[in-house]
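Chemist: This structure is in structure tokens; I'll ask about it shortly.
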Amino acid sequence: MNKVMLIGNVGQEPEVRYLDQGVCVAQIRLATTERGYTLQSGAQVPDKTDWHTVIFWRKLAETVEKYVHKGDKLYVEGKIQNRQWVDKKGETHRTYEIMADNMEMLTKKTEPATAAEPQQEQQTTPPAPAPNELGEYPF
């Protein structure tokens, strides 16, 4: 099974482009952070932040284009995919990307939605669970 679930913050404005026949594709960088902790010995383990490239297609990409901005908190579901290529110097590179199937915006809007504004994408999965009192998520 190839399934990824991430909760993190958008690191920069989405990169959006339209391919042939108007197919929209959007890409974001998402930062996820594991909170630091203190070992029984008293040693401190610092926070650890990882950066993920997330790719959205079609309607989900159009939603990202309209509503997602740098600093927003998102819940993303998808699958991990790797790509490999050879550059002009003949060096092989590999990158890992998250191909998003589902996304939920966790940042609250500061202004109320109007009737003309489209609602959030229909979700086929339940919303992301809330963190417990320690700030940890149950997955």
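The values are calculated or read from the model by the stated rules, or taken from the named source; none is laboratory data. These numbers come from a predicted model, not from an experiment. Here Cβ is always computed from backbone atoms with ideal geometry, including for glycine, and neighbour counts include all displayed protein chains.
Chemist: Residues Ala61, Ala31, Ala100: which one is touching a helix residue (DSSP H, G or I) at 6+ places or on another chain (Cβ under 8 Å), among the small types (Gly, Ala, Ser) and modelled with pLDDT of 90 or more?
Modeler: After applying the criteria, what remains is Ala100.
Chemist: I've got another one for you. Among the numbered criteria (1) assigned to a strand (DSSP E or B); (2) among the basic types (Lys, Arg); (3) at pLDDT below 95, which one does Lys88 miss?
Modeler: The single condition Lys88 does not satisfy is (1).
Chemist: Filter the stretch 44-56 down to residues that are hydrophobic (A, V, I, L, M, F, W, C) and modelled with pLDDT of 95 or more and give me whichever is nearest to the chain's Cα centre (by Cα).
Modeler: Restricting to residues being hydrophobic (A, V, I, L, M, F, W, C) and modelled with pLDDT of 95 or more, the top hit is Val54.
Chemist: Grab the strands (runs of 3 or more DSSP E) fully contained in the stretch 1-83, keeping just those with 3 or more residues being surrounded by 14 or more Cβ atoms within 10 Å (Cβ to Cβ).
Modeler: Hits in the stretch 1-83: 4-10, 24-34, 48-57.
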